[in-house]
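The values are calculated or read from the model by the stated rules, or taken from the named source; none is laboratory data. All figures in this text were calculated on a predicted structure; none of them were measured in a lab. Neighbour counts run over all protein chains shown; Cβ positions are idealised from the backbone, glycine included.
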Amino acid sequence: MQQDPDRGDDNSTEQPKSPSGQTLSPNPSFLQELEHEFLNVKVLDPLTAYQVKGQPAVRPTAYVANTLLVRGDNPATRAALEQVTATAGFALEWEKQGEAELELLTRARLDDKARQDLAEIWTRRVRVVPADNADTAIFKPIDIWRLLQAYRVSVQDQPDRLADVGLEHPATASPITQGHPITQGHPITQGHPITQGHGIDAYAMPGGGGRQPVNWTGPEPTPKHAPAEDRPRPVVAVMDTGVGEHPWLDSDFVEREPEVLGVPIGIPPASRENTVRGVADDMIGELEQDSGHGTFIAGLIRQACPDAALIDVRLYGNTGVVAESSLLRSLQLLALRQVLARTQPGSGLRPLDIVVMSLGYYHEQPADAMFDQLLHGPISVLGRYGTAVVVSAGNDASARPIYPAAFAPYPKGAVSDRTDTVPVTAVGALNPDSSVALFSNDGNWVRFHRPGAALISTMPTTYDASLQPSNVVRNKRGEWRSALDPDDFTCGFGVWSGTSFAAPVFAGQLAAALADAYATDGVDTGSDASVKRLRGLLDDMPGRREPQEEA
């Protein structure tokens, strides 16, 4: 299949370019890093990967080595997968949590349409293990990609079943801490955000936009609209590392540990040290690459929309990486919550207006929308039931589509713009001078740009990790003087960079516009009215600037 150069595909004859004409890298370098940093993760190599005639060419992606994701509960899908697995000498081990949560659809008070909407997209994880009846105790390594391709061949006469099974990708956060936010290695903090060096890496350095403490002398954001029975606050779900302790982010503004039907939507904290101090290793005690990421995002939304009510969905820990199965689990439960809120007025649940996600992964066959339906499923349900999903564009300076951001509709894109759905919104990052940040991914799927470099926002006031000031001295008057302590955030504020933060800036602005609309016109309780309102507000939001002709 011929690829479309406008989509930034590796297999086109042209080097991928952004809408402004800038040449960008098609292959993010961090894909090569993942298999070394995270156990049980491999990188698919197009030169050695098994391929099937008629399929789009394969592109590099990271995936979990021994699991698959399965959508729905179709007996034909299950039988075909069991057959190809047994033929290869392996067996399927279904994750118990996923099986139990599938039963929520039976327990929930849903009408037939709502239950069907959720059942069609509900995804579970299955582990591929050696068969118990193997003739020998020694078994060959699992090639999960070859197994998936064998499944696709076995159901090629059943097109509806092709997209039911897929690889499990690790999704990464995107501040800049070197690679992700921008922190000095990750947020940009060395590998994640952005951390040290020149060019893109310069954003990760303290003083260049990297994660560092900073003083805030301004006032706390003040709500614009007085609360009223018929004028609720916009509800924004932050799917991230969790929101830490901060005076701006108490229970008046943040709902923590959300549930649906008694089931937690997010994950529990890994440990007290991980949550309170932002560290995982007591032997070294340094902040992890994405520590404070969710708190920083929450503060940006509060600055843009002091009226917003935030829902804190802890999606992953401070490493900034989440398995796609965990991402799907939280999105599915959030979609179930949204469907209940829209269809069951007596549920006591306030519908979600906006969901913010600052993460993504690169799919191995993005040219074929059929093969990337697992993640799109719950996002599309949220959109149809009146939720705007806002996603960061990524920090790899790449034109290659990253998902879920590239689910945003655009000409020749994989997802059409349906009038009955709030579309996904992808947001790139701007520098303080309004130029596009060097690290920001780009493509026709990036509809908006917002400030994303050297931003100031909230950090957990409990963070004071093991790094120390470069100089500490006691003068003759007995006063202690020192250089900056690079990881002491007890002041409650920090600087950071990344498209991770451009997305919540946009989400906060959208929430502010929605708060004004609620104050003027009242609240919409139905999905159709909410979809129409949010689509109208998105159309009114300032988009990316047209490229200027060179002088």
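Listed values, structure above:
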{"read-out": "Per-region count, segment 61-96, residues touching a Lys or Arg at 6+ places or on another chain (Cβ under 8 Å), in contact (Cβ under 8 Å) with a residue 60 or more places away in the chain and within 21 Å of Val263 (Cβ to Cβ)", "value": "3"}
{"read-out": "Condition met for Leu310 (of a type in the set (A, V, I, L, M), under 19 Å from the mean Cα position of the chain (by Cα) and assigned to a loop (DSSP other than H, G, I, E, B))", "value": "no"}
{"read-out": "Test for Ser358: is it surrounded by 24 or more Cβ atoms within 10 Å (Cβ to Cβ) and over 19 Å from Arg329 (Cβ atoms)", "value": "no"}
{"read-out": "Contacts under 6 angstrom Cβ, first residue in segment 243-263 being in the same structural domain as Asn318 (by TED's automatic domain parsing), partner part of a strand (DSSP E or B) and not aliphatic (A, V, I, L, M), 6 or more apart", "value": "Val243/Asp312; His246/Thr458; Trp248/Thr458; Val254/Asp312; Arg256/Asp312"}
{"read-out": "Test: residue in segment 349-366 that is small (Gly, Ala, Ser) and assigned to a helix (DSSP H, G or I)", "value": "no"}
{"read-out": "Selection status of Ala134, in a helix (DSSP H, G or I) and at pLDDT below 90", "value": "no"}
{"read-out": "So Val381, is it buried (at least 24 other Cβ atoms within 10 Å of the Cβ), modelled with pLDDT of 95 or more, in a strand (DSSP E or B) and in contact with a helix residue (DSSP H, G or I) (Cβ under 7 Å, 6 or more places away or on another chain)", "value": "no"}
{"read-out": "Residue in segment 284-295 that is in contact (Cβ under 8 Å) with a residue 40 or more places away in the chain, of a type in the set (Val, Ile, Thr), buried (at least 22 other Cβ atoms within 10 Å of the Cβ) and assigned to a strand (DSSP E or B) present", "value": "no"}
{"read-out": "Hey, Ser457 small (Gly, Ala, Ser) and either under 20 Å from Trp216 (Cβ atoms) or surrounded by fewer than 19 Cβ atoms within 10 Å (Cβ to Cβ) (or both) or not", "value": "yes"}
{"read-out": "Flag if Asn431 is surrounded by fewer than 21 Cβ atoms within 10 Å (Cβ to Cβ) and at pLDDT 95 or above", "value": "yes"}
{"read-out": "Positions within segment 268-284 being out of contact with any helix residue (DSSP H, G or I) (no Cβ under 7 Å at 6 or more places or on another chain) and farther than 21 Å from Thr458 by Cα, in sequence order", "value": "Pro268, Ala270, Ser271, Asp281, Met283, Ile284"}
{"read-out": "Residues that are within 23 Å of Gly526 (Cβ to Cβ) and either buried (at least 24 other Cβ atoms within 10 Å of the Cβ) or without any contact (Cβ under 8 Å) to a residue 12 or more places away in the chain (or both), drawn from segment 384-407", "value": "Tyr385, Gly386, Thr387, Ala388, Val389, Val390"}
{"read-out": "Segment 232-257 - residue that is surrounded by fewer than 20 Cβ atoms within 10 Å (Cβ to Cβ) and over 21 Å from Glu220 (Cβ atoms) and, of those, farthest from the chain's Cα centre (by Cα)", "value": "Pro232"}
{"read-out": "Complete set of residues in segment 214-265 that are within 26 Å of Leu534 (Cα to Cα), out of contact with any helix residue (DSSP H, G or I) (no Cβ under 9 Å at 6 or more places or on another chain) and not in a loop (DSSP other than H, G, I, E, B)", "value": "Glu255, Arg256"}
{"read-out": "Number of the condition not met by Pro504 [criteria: (1) surrounded by fewer than 20 Cβ atoms within 10 Å (Cβ to Cβ); (2) touching a Leu at 6+ places or on another chain (Cβ under 8 Å)]", "value": "(1)"}
{"read-out": "Subset of segment 507-528 (residues that are at pLDDT 90 or above and either exposed (fewer than 13 other Cβ atoms within 10 Å of the Cβ) or charged (D, E, K, R) (or both))", "value": "Asp516, Asp528"}
{"read-out": "Selection from segment 227-241 of residues that are in contact with a Pro (Cβ under 8 Å, 6 or more places away or on another chain) and at pLDDT below 95", "value": "Arg233"}
{"read-out": "Members of segment 209-226 that are closer than 24 Å to Asp516 by Cα and surrounded by 10 or more Cβ atoms within 10 Å (Cβ to Cβ)", "value": "Glu220, Pro221, Pro223, Lys224, His225"}
{"read-out": "Some residue of segment 250-257 being at pLDDT 95 or above, of a type in the set (Val, Ile, Thr) and in contact with a Pro (Cβ under 8 Å, 6 or more places away or on another chain)", "value": "no"}
{"read-out": "Candidates Val523, Val495, filtered to the one that is over 23 Å from Tyr385 (Cβ atoms) and in the same structural domain as Pro451 (by TED's automatic domain parsing)", "value": "Val495"}
{"read-out": "Set Pro411, Pro451, Pro401, Pro366: member being of a type outside the set (Gly, Ala, Ser), more than 28 Å from Tyr63 (Cα to Cα) and at pLDDT below 95", "value": "Pro411"}
